[in-house]
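**Q** To start, I am sharing the structure in question, which I have written as structure tokens.
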Amino acid sequence: MLKHTWMGFHRAVAGMAAGGNNIVVDHVLSARWRLLDCLALFAPKDVVLVGVHCPLPELERREQARGNRPSGLAARQIAQVHAHGVYDIECDTGNASALDCARQIKDFLPQRPTPPPSSGCS
């Protein structure tokens, strides 16, 4: 059931983008099928995959401060969420502020390579 919920989420985001909206999605691609599903739904020219990294001790501190996550979740998921290794740009929120990361992404957008029309994922 959870997989169908995620698939519906992906399609809702794709529909919003197809309607001409600029969309920013914070999504954990912790399973390969999630990445493949998103890549199949979104026009490659409209997608920028941003890898957001942070040192594990800082992730654990943030996890505890939030108080709404099981303890140790970040440590259990850190390798899994970045296993696909497909990013257009990467930021490190352990060494840069959210504003600095946003500026880094903003500065990247005008110079990003455009994938060929036949680009896809198999």
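Read-outs: derived from the displayed coordinates by stated rules, not from any lab. Just so you know, these numbers come straight off a predicted model, no measurement behind them. Cβ placement follows ideal geometry from the backbone for every residue including glycine, while neighbour counts extend to all protein chains displayed.
**Q** For mean projected area of the Cα convex hull in nm², the listed values are (1) 11.0; (2) 6.7; (3) 8.8; which was obtained by calculation from the structure presented?
**A** Among (1) 11.0; (2) 6.7; (3) 8.8, the one calculated here is (3).
**Q** Sequence gap at least 6, Cα distance under 8 Å: using those rules, report the relative contact order of segment 26-111 to the nearest whole percent.
**A** This gives 38 percent for segment 26-111.
**Q** Something else: Just to be sure I understand the model, the point goes 7 Å from the Cα along the line to the Cβ. What's the resulting ALA43 to ARG11 distance in nm?
**A** 2.1
**Q** How far apart, in nanometres, would the label points at MET1 and SER30 be if each is projected 7 angstrom from Cα along the Cα-to-Cβ direction?
**A** 1.8
**Q** To the nearest 500 deg cm²/dmol, what mean residue ellipticity at 222 nm is calculated for the chain from DSSP H runs of n ≥ 4 alone, each contributing -39,500 (n - 2.57), summed and divided by the residues? Intermediate values should be presented prior to the final figure.
**A** Working: 5 runs with 58 residues, N = 122.
It comes out at -14500 deg cm²/dmol, rounded to the nearest 500.
**Q** Also, I was wondering about something else. Can you tell me the length gained on complete extension of the stretch GLU58 to SER97, counting 0.36 nm per residue apart and subtracting the Cα distance?
**A** 12.7 nm
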